[in-house]
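Only the coordinates and a few stated rules stand behind these numbers; no lab work does. This structure is a prediction, so every number in the text was calculated from the model and none was measured. All Cβ positions, glycine included, derive from the backbone under ideal geometry; neighbour counts span all protein chains shown.
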Amino acid sequence: MIERADFTVVGSGIAGLTFALSVADRGSVIVITKKDDAESATNMAQGGIAAVMAGSDSFDRHIEDTLAAGVGLCRREAVEIAVRSGPEAVRRLMDWGARFSTDASSPGGSSLALGREGGHSERRIVHAQDMTGREIERALLSAVEANPNISVLEDHIGIELVVAGGRAGRRGCAGVHALDVRGGAVVTVLSAVTVLATGGCGKVYLYTTNPDIASGDGVAMAFRAGVPVRNMEFVQFHPTCLYHPEVKSFLISEAVRGEGAVLRSLSGRRIMRGVHPREDLAPRDVVARAIDKTMKTTGDKHVNLDLSAVAPGRIRSRFPNIYERLIELGIDMTAAPIPVVPAAHYLCGGIAVDLECRTALPGLYAVGEVAHTGMHGANRLASNSLLEAVVFSERAAGAAAAELDDRRSELAAASSPEWSGNRPGPVPEGVLIDYNWDIVRRLMWDYVGIGRTRRRLELAQARISPILSEVTDYFLRYPVNRDLLELRNIALVGDLIIRSALWREESRGLHYVEDYPERDDEHYLRDTVIDGGVPQ
Ligand SMILES: Cc1cc2nc3c(=O)[nH]c(=O)nc-3n(C[C@H](O)[C@H](O)[C@H](O)COP(=O)(O)OP(=O)(O)OC[C@H]3O[C@@H](n4cnc5c(N)ncnc54)[C@H](O)[C@@H]3O)c2cc1C
């Protein structure tokens, strides 16, 4: 089956929806999305979106904070663009209907309330209580629904990009093959411009704050189509995910520490005291490593987040969502500490793109967490990712609209291959898929996690190679199936992370290797690029 549009967007988080809304007056848009349209990391974002909104703040300070977190690997131009466009991005979200918390104590009571998070030298986090992402996703989805030029196909999983020869045999992206889960068919969506907005890859790891959709599909699809990826070793672990036997992936926002909560070992020791001048508001990698070290030293399964210094009324009004959820689980955060552990949270690397989010494959763009614009360097500053997603998706939309006519004629000249792989259906030996899912995620957690060693990385590489071959074989032999597609992607993305981590023989930002504890600017003050072959 074939569908056609001017623009195909894969993913309905903040990045994909911003792109769709920004190009809809230039042509038809199809958004395909893996599950229900709101199932995304965006929907889970609690803290907020960083932007310079207060008179006491400045672009220079936000730029400096971002560069400091990125430890030499941020692309300064990308940071400047995002930060300077921040206030405009917030206004754009408000124009699309997002309602953010206001500060009643400000003159007139109508200016935005600004939170503070780790690594930020100022209060600059625009938020909607502790449900910022849900509010943004709600607003963008209703704006999309009201737009007759945009259609959304839910339960459609992108499998592979359509790569076709255009005019003069020029290779380009002509759309995407997707599994229509409900219809039980593979649909080929042909388009002049294709945009990957598939989010992150937290599911590569055993413990993650990410939703189930985050299996690195966009990185895997682009890489298989020959597009280079950058800095895949820089995976951010959020320091404070709820530790609870029944609940997976519930994040305790960094903003809780911004309000005065502190981390303690189970014996009551302040974990961050003496570790970093900003103590509990140190950059995330520093905090996650300190917790990891404490847990490895004490053998405890978690540490505690102590909120005794924050007034109960403030906790309930600032964090109503976290408060209510914890009450349901029998934890009253106004009276008792919250048990927390670190978990895989954000991919700082991704598909290599330029400042308009073009990839190396003509007609293909990548936006949001799946893309590497260079904004985050070796570590992302809190709340900078929603900002990056809005600013760069709008830039991508401008660039894509400008080349639409040219891309239309490329597409007209292109051969348009239909899906030639297997038909959808259940995998006959499902146990093999389940087993390999578990193996990949545990391997990545134990061997390629917060603290790394060369030996563990080499072992991880030796172990993932046969899994990759086995999974490729399943893909060629078995019916197309959601679990198999995702397994194929997490195995490939895991391999890309391991190869990148092995290449970088230093410690920098999120990448900490015990064998090379120092940073080495002489050899590694540059991005890790995998362009089909070995990293370089
Ligand atoms: C718990 C949590 C809290 C966070 N808090 C903050 C915060 O406060 N501030 C901040 O700046 N950042 C925060 N982040 C990070 C931020 O939310 C994400 O980086 C951002 O939302 C990513 O947006 P996106 O549009 O790129 O991807 P997502 O919002 O993850 O959307 C990805 C979309 O792609 C779809 N998709 C994936 N694969 C396929 C496929 N194969 N086929 C079709 N569709 C596919 C998914 O279904 C989904 O619709 C948080 C992240 C998490 C997990």
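Antiparallel versus total DSSP beta bridges in the chain: what percent is that, nearest 5?
Beta bridges within the chain, antiparallel portion: roughly 65 percent.
Would you mind checking the tilt of helix 430-447 against the longest principal axis of the Cα atoms of the chain, expressed as 0 to 90 degrees and rounded to 10?
It is inclined by approximately 50 degrees.
By average Cβ neighbour count within 10 Å, what is the ranking of 493-506, 244-257, 425-438 from highest down?
Those peptides, ordered most packed to least, come out 493-506, 244-257, 425-438.
May I ask you to work out the translational diffusion coefficient for the stretch 213-326 at 20 °C, viscosity 1.002 mPa s, via Stokes-Einstein with Rh from the Kirkwood sum over Cα pairs, reported in whole µm²/s?
It comes out at roughly 132 µm²/s.
Would you please calculate the Kirkwood hydrodynamic radius of the stretch 1-148 over all C-alpha pairs and express it in Å, rounded to one decimal?
Kirkwood hydrodynamic radius for the stretch 1-148: 16.7 Å.
Any chance you could check the Cα centroid distance between the stretch 196-244 and the stretch 307-347 for me, in angstrom?
Distance between centres, Cα-based: 26 Å.
For the ranges 81-87, 214-220, 31-37, what's the packing order if you count other beta-carbon atoms within 10 Å of each residue, average per peptide, and put the highest first? Walk me through the numbers before you get to the answer.
Details: 81-87: 20.7, 214-220: 28.9, 31-37: 22.7.
Final packing ranking: 214-220, 31-37, 81-87.
Past 28 Å, Cα to Cα: identify those pairs from K35/K293; K248/K296; K34/K301; K203/K301; K35/K248, in the order given.
K35/K293; K34/K301
Rounded to two decimals, what ratio of Rg to Rh does the stretch 345-490 give with C-alpha atoms and a Kirkwood Rh? Walk me through the numbers on the way to the answer.
On the way: Rg = 19.3 Å, Rh = 18.5 Å.
Dividing the radius of gyration by the Kirkwood radius yields 1.05.
Can you put C173, C74 in order of Cβ neighbours within 10 angstrom, beginning with the fewest?
The fewest-first ordering by Cβ neighbours comes to C74, C173.
What is the dipole size for the stretch 174-313, taken about its Cα centre, with +1 at each Lys and Arg Cβ and -1 at each Asp and Glu Cβ, in debye to the nearest 20?
Magnitude of the dipole: close to 380 debye.
Give a quick list of trypsin sites (Lys or Arg not before Pro) in the stretch 163-223 that DSSP marks as loop, anything other than H, G, I, E or B, with at most 15 other Cβ atoms within 10 Å.
Filter output for the stretch 163-223: R170, R182.
Which peptide among 225-233, 480-488, 323-331 comes first, and what is the full order, when sorted by highest mean count of other Cβ atoms within 10 Å?
Packing proxy ranking, top to bottom: 225-233, 480-488, 323-331.
Cα convex hull of the chain: how many Å³ per residue?
About 146 Å³ per residue, rounded to a whole number.
With only alpha-carbon atoms in the gyration tensor, what are the semi-axes of the equivalent ellipsoid for the stretch 424-527, in Å, largest first?
Taking √(5λ) for each eigenvalue gives 32, 12, 10 Å, largest first.
Return a whole-number percent for the relative contact order of the stretch 75-128, with Cα pairs under 8 Å and 6 or more residues apart as the contact set.
23
When Lys and Arg each count +1 and Asp and Glu each count -1, what net charge do the other residues less than 12 Å away from I338, Cβ to Cβ, add up to?
+1
To the nearest 10 degrees, how steeply does helix 284-298 sit against the main Cα axis of the chain, on a 0 to 90 scale?
70
Looking at the stretch 108-220, what % of the alpha carbon pairs are farther apart than 18 Å?
70
Taking only C-alpha pairs under 8 Å that are 6+ residues apart, what is the relative contact order of the chain in percent? Provide the component values of the computation, followed by the final result.
Values: 1234 pairs, mean separation 114.0, N = 536.
Computed value for the chain: 21 percent relative contact order.
I want the local charge near P428. Using Cβ-Cβ distances under 14 Å, sum +1 for each Lys or Arg and -1 for each Asp or Glu among the other residues.
-2
If you find the alpha carbon centre of the stretch 439-460 and of the stretch 481-513, how far apart are they in angstrom?
With the stretch 439-460 and the stretch 481-513 each reduced to a Cα centre, they are spaced 10 Å.
How far is helix 482-503 tilted, in degrees, relative to the longest principal axis of the Cα atoms in the chain, given as a value from 0 to 90 rounded to the nearest 10?
Compared with the principal axis, the helix lies near 70 degrees.
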